[in-house]
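Contents: one structure, followed by commentary.
The values are calculated or read from the model by the stated rules, or taken from the named source; none is laboratory data. All of these numbers come straight from a predicted model, not from anything done at the bench. Cβ sites come from the backbone with ideal geometry, for glycine too, and all protein chains shown count toward neighbours.
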Amino acid sequence: MTDEFSSSMIDMRDIFMDLPVLETEHLFLRKVEKSDARDFFEYASDEEVAKHVLWYAHQSIKETRRQIKVLQQQYRHGSPASFAIIDKKSGRMIGTIGYMWVSSVDCSAEIGYSLSREYWNRGFMTEALREIIRFSFDILLLNRVEAQHGTDNPASGKVMEKCGMKKEGILRQRLMNKGKLIDTALYSILRDEYYKGGQQL
């Protein structure tokens with residue numbers, strides 16, 4: 001393991017405790033705040049949004065507030081967690097994107113995300129994912145970033161491909177979603193591919 005990767009093990013917890021605000025052309029990515037509850041609930045209560053993620057649609061704003069408390073506890077502990085996706089134009093929280101897990105030993109991580117249906121097919125998730133991939137390599141100094149999606153949600157795979165991720169294969173009955181084991185497609189991008197491909201520009 002290189003010195004560069006060794007140093008990432010020392011700093012990673014501090015980074016997650018104090019997540020920076022990331023900015024793209026149309027978005028801010030920042031910690032989820034209590035004041036996001038109404039926006040969060042608005043899209044998290046949508047059955048179509050919940051269909052392709054591992055959580056059930058929120059039934060009340062109390063449930064959303066509980067989820068925000070969980071996220072804020074992760075921040076306090078320096079655990080891998082999600083950023084709120086904020087639409088610059090409206091100031092609304094329109095989704096989340098972040099880390100399912102991070103391995104300092106293996107210098108790798110898995111990214112997961114969700115987005116308000118109002119913002120589907122408009123390039124917002126591609127923009128957010130590109131920024132998180134950049135953050136993963138430039139700041140967390142990871143070597144591998146991966147993501148997966150249910151095979152019944154190919155649109156998510158197109159987002160990953162637009163961000164330079166390569167499909168590795170199908171993982172059969174990989175995840176339990178809403179009481180059913182589902183197949184997932186696994187994508188990844190490696191550090192040398194990211195920099196050699198000019199993705200950082």
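Kindly establish whether LEU27 is crowded, with 19+ Cβ neighbours inside 10 Å, over 14 Å from LEU115 (Cα atoms), of a type in the set (A, V, I, L, M, F, W, C) and modelled with pLDDT of 95 or more. Break it down stepwise before answering.
Numbers: crowded, with 19+ Cβ neighbours inside 10 Å: yes; over 14 Å from LEU115 (Cα atoms): no; of a type in the set (A, V, I, L, M, F, W, C): yes; modelled with pLDDT of 95 or more: yes.
Taking the combined requirement at face value, the residue does not satisfy it.
Answer yes or no: is there a residue in the stretch 56-64 that is under 15 Å from the mean Cα position of the chain (by Cα) and part of a loop (DSSP other than H, G, I, E, B). Give the derivation first.
Within the stretch 56-64, the first condition is being under 15 Å from the mean Cα position of the chain (by Cα), and the residues that meet it are none.
The answer is no, given that none of the residues of the stretch 56-64 is under 15 Å from the mean Cα position of the chain (by Cα) and part of a loop (DSSP other than H, G, I, E, B).
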Report task. Check whether at least one residue in the stretch 4-11 is surrounded by 14 or more Cβ atoms within 10 Å (Cβ to Cβ), over 22 Å from LEU175 (Cβ atoms) and at pLDDT 95 or above, and report yes or no. Result -> no
Query raised in the report: Can you name the residue in the stretch 82-96 that is surrounded by fewer than 23 Cβ atoms within 10 Å (Cβ to Cβ) and in contact (Cβ under 8 Å) with a residue 60 or more places away in the chain and is also nearest to TYR119 (Cα to Cα) among such residues?
Result: ASP87
Query raised in the report: With respect to the numbered conditions (1) free of Cβ contacts under 8 Å to residues at least 60 places away in the same chain; (2) surrounded by fewer than 21 Cβ atoms within 10 Å (Cβ to Cβ); (3) closer than 25 Å to GLY78 by Cα; (4) not aromatic (Phe, Trp, Tyr), which one is the sole condition not fulfilled by ALA147?
Result: (2)
Query - Where a residue in the stretch 103-116 is without any contact (Cβ under 8 Å) to a residue 60 or more places away in the chain and crowded, with 20+ Cβ neighbours inside 10 Å and its partner, wherever it lies, is of a type in the set (Lys, Arg) and part of a strand (DSSP E or B), with Cβ under 8 Å and at least six apart - result: ALA109/ARG144
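Quick grid of which residues meet (1) without any contact (Cβ under 8 Å) to a residue 24 or more places away in the chain; (2) in contact with a helix residue (DSSP H, G or I) (Cβ under 8 Å, 6 or more places away or on another chain); (3) on the phi > 0 side of the Ramachandran plot:
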position: ILE132; (1), (2), (3): no, no, no
position: PHE135; (1), (2), (3): no, no, no
position: LYS158; (1), (2), (3): yes, no, no
position: LYS166; (1), (2), (3): no, yes, no
position: ASP183; (1), (2), (3): no, no, no
position: LEU190; (1), (2), (3): no, no, no
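Which strands (runs of 3 or more DSSP E) does the stretch 66-123 wholly contain that include 1 or more residues that are out of contact with any His (no Cβ under 6 Å at 6 or more places or on another chain) and at pLDDT below 95? Can you show your working first?
Values: elements: 82-87, 93-103, 108-115.
In the stretch 66-123, the matching strands (runs of 3 or more DSSP E) lie at 93-103.
Can you tell me which residues in the stretch 32-42 are over 15 Å from LEU71 (Cβ atoms) and surrounded by 15 or more Cβ atoms within 10 Å (Cβ to Cβ)?
Our first condition is that a residue be over 15 Å from LEU71 (Cβ atoms); within the stretch 32-42, this holds for 38, 42.
Answer for the stretch 32-42, where residues must be over 15 Å from LEU71 (Cβ atoms) and surrounded by 15 or more Cβ atoms within 10 Å (Cβ to Cβ): just GLU42.
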